[in-house]
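Notes follow the structure.
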Amino acid sequence: MSGATNREAVFPTRQSLGIMKSKLKGAQTGHDLLKRKSEALTKRFREITRRIDEAKRKMGRVMQIAAFSLAEVTYAVGGDIGYQVQESAKSARFRVRTKQENVSGVFLPAFESYTTEGNNDFGLTGLGKGGQQVQRCRETYARAVETLVELASLQTAFVILDEVIKVVNRRVNAIEHVIIPRTENTIKYINSELDELDREEFFRLKKVQNKKQRDTAIQDAEMRAKREDAEKRDKDKENEETGGGGDILGDDEDADVIF
Amino acid sequence: MEGLFFNANNGYIEGIVRGYRNGLLTSNNYNNLVQCETIDDLKLQLGPAYGDFLASLPPNPSTSTLAAKTTDKLISEFRYVRANAVGSLAKFMDYLTYGYMIDNVALLITGTLHERDTRELLDRCHPLGWFETMPVLCVATNIEELYNSVLIETPLAPYFKGSLSHQDLDELNIEIVRNTLYKNYLEDFHNFVNTDSEMAGTPTAEVMTEILEFEADRRAINITLNSFGTELSKADRKKLYPAFGRLYPEGSFMLSRADDIEGVRLAVEGVNDYKTYFDQAGMGQSSGPGNMSGGSGSDGKSLEDLFYQKEMEISKGAFTRQFTFAIVYAWVKLREQEIRNITWIAECIAQNQKERIGNYISVF
């Protein structure tokens, strides 16, 4: 968790610190909400799983009975009626409509089956023999299809919920393990950076102060020197006036005299 | 007297058919069959009776292929008998196949009506009802053509004539067409066995009349029961009742006016056998009609079961007579029931529904 890698690319300013702080707050609220949503969905999911289990068991039983009633038809009619039934069926008797159900913001399609009454296309199949078996078989299969429809809507809900739960959990985890730490890191970084700046500033100020002090010291020294100088000159003037002209044998060189 | 020259023409056939009858499964065999755990066991148990026909089946065959193979045996035996038959017996056997032809023709008509490729339907046709001109039916593309040029050529033409026009084929439900044909067929068959010079007054006429009368009554009762709650009107229903049988004419008339099961029960009151069946099946009281009331596992037999039982008993009885063609008919019916029984047992084994496995009908 080196601060440099796991943080956002922001300039460490007080403004971005403010932004980051509100972002962290937002992330935490969002995390709570999403967590709650995920829990609600998971609850629903568990319920659906349970119902799928029941529906599948029921389907097993119903399909078995249905297959057996078909065997009864074969026994009673003594032949294949499949083609005849296929050809005489004109309009669907068993229909399915869909509606939507809202579970914490997720739309789950629910299939609902209904039968249109008075629509019995192959009512006369097996008129000579086995008609009752055919009708009974049809009823059993209608029940089987009903179970299938129920199972289908559960399965669809299952798939959709599964997907949604995955997404939500991913978001929750992303917020919990990536966004919040990163924002926190950024805040930490900005804070440390700001402290650093503060310290630098302080140091700089100190330096400036030092320099200024030094400068004043030098100026003072110069002033003093000047003053001293001036005083000295005043003294020399007095000496000249008392001591008379320059030193002849002194430093002044006489021009060479050439004869 | 009638038996004096019977063997000259038909003795061989009679011997063969009686031999076939002895090859039918007995209740002992059935007891073994119902104890099978898998279809393979079943196949093994059927080995002695069906031998070659089941040999080509893969391990654990489906019940439908099993049924198809067992039917194949019936077909090949039937064809053998038919090939050896002469004279009236040949004609009698042709009559026997007309029933299956009606089913096939109905199937093809359905295909034509819905403008399907009827060629693929030929595979689905019952092989016993195969006739030479049947593939020609596939040539027709519309119903008028079918009626005017193709159906006329089939052996079933007389049954269409007079009772069904080509508009009827288009408008009527195919089931009504089929049952109309079947009614005409039964009447014709009945007429044939009672008037043909070789058969009139012989045991054949006697036995066949009994069988056909029963068949006619069974159809009448079934049609009535199955038509409740459908769009079939009473007048149309009346047209589907064969004009002979033990119920004809009073019973048929009452059947045509029946509104519910109770009405049917009153209509058959006059014939003791049927009355007993209705009482046994508990009809007209609470439970619905129909075979083995779906899944409830009632041990009481249903009306259809009782009818099948009766048919089998009549067929068995036919073998007690000598010098009669009826044994061919009886043998075919017995063999069909046997195939149904095998299929039923196989289904029960395949679907693990052992508690209903005893619902087969065995008369030997």
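Please treat every number below as a calculation from the coordinates, not as lab data. Because the structure is predicted, anything quoted here is derived from the model rather than measured. In this analysis, Cβ positions are derived from the backbone assuming ideal geometry, glycine residues included, and neighbour counts consider all displayed protein chains.
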Along the charge dipole of segment A:1-104, which of A:ALA92, A:GLN64, A:PRO12 sits closest to the positive end, that is, farthest toward it, with unit charges on the beta carbon of Lys, Arg, Asp and Glu (+1, +1, -1, -1)? A:PRO12
Evaluate the relative contact order of segment B:202-269 (contact order divided by residue number), counting alpha-carbon pairs under 8 angstrom at least 6 apart; express in whole percent. 33
Tilt relative to chain A, helix A:14-77 - C-alpha long axis, 0 to 90 degrees, to 10: 20
The exposure ranking of B:ASP117, B:ASP52, fewest beta-carbon neighbours within 10 Å first, is B:ASP117, B:ASP52
Identify, among A:ALA76, A:PHE158, A:VAL106, the residue whose Cα sits farthest towards the positive end of the charge dipole of segment A:11-193, taking +1 on the Cβ of Lys and Arg and -1 on the Cβ of Asp and Glu, with the dipole about the Cα centre. A:VAL106
Quick one: longest stretch of chain B between exposed loop GluC sites (Glu not before Pro), exposed meaning at most 13 other C-beta atoms within 10 Å and loop per DSSP? B:232-364
Determine the calculated [θ] at 222 nm for chain B from helices alone, applying -39500 (n - 2.57) to every DSSP H run no shorter than 4 residues and normalising by the residue count; nearest 500 deg cm²/dmol. -19500 deg cm²/dmol
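Please tell me the relative contact order of chain B in percent, rounded to the nearest whole number, where contacts are Cα pairs under 8 Å and at least six residues apart. Intermediate results must be reported in sequence, preceding the final value.
Details: 382 pairs, mean separation 73.6, N = 364.
After rounding, I find 20 percent.
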Loop-located chymotrypsin sites (Phe, Trp or Tyr not before Pro) in segment B:1-42 whose Cβ has at most 16 other Cβ within 10 Å (DSSP): B:PHE5
Could you line up A:LEU34, B:LEU137 from fewest to most neighbouring Cβ atoms inside 10 Å? A:LEU34, B:LEU137
Size of the dipole of segment A:11-193 about the Cα centre, Lys and Arg at +1 and Asp and Glu at -1 on the beta carbon, nothing else charged, in debye to 20? 860
A:ILE19 to A:ASN239: extension gain in nm, 0.36 nm per residue of separation minus the Cα-Cα distance? 71.3 nm
Förster radius 41 Å - calculated FRET efficiency between B:HIS114 and B:ASN32, Cβ distance, rounded to 0.05: 0.35
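Could you tally the net charge around A:LYS212, taking each other residue with its Cβ under 14 Å from the Cβ of A:LYS212, Lys/Arg +1 and Asp/Glu -1?
+3
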Approximate spin-label separation A:ARG51-B:GLN351, in nm, with each point projected 7 Å along Cα-to-Cβ: 2.9
Relative contact order of chain A, please, whole-number percent, based on alpha carbon pairs below 8 angstrom and at least 6 residues apart. 31
Chain B, dipole about Cα centre (Lys/Arg Cβ +1, Asp/Glu Cβ -1), debye to the nearest 20: 600
Computed, not fitted: 222 nm per-residue ellipticity of chain A from DSSP H runs ≥ 4 (each -39500 (n - 2.57)), nearest 500, equal to -25500 deg cm²/dmol
Among B:GLY229, B:LEU212, B:ASN179, pick out the residue whose Cα is farthest towards the positive end of the charge dipole of segment B:157-247, where Lys and Arg carry +1 and Asp and Glu carry -1 on C-beta, about the Cα centre. B:GLY229
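Treating the beta-carbon of each Lys and Arg as +1 and of each Asp and Glu as -1, no other charges, what is the dipole magnitude of the protein assembly as shown about its Cα centre, to the nearest 20 debye?
Working: 78 positive and 92 negative charges, 456 e Å.
With only Lys, Arg, Asp and Glu charged at Cβ, the dipole is about 2200 debye.
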Centre separation in Å (Cα based) which lies between segment A:1-63 and segment B:245-274: 74
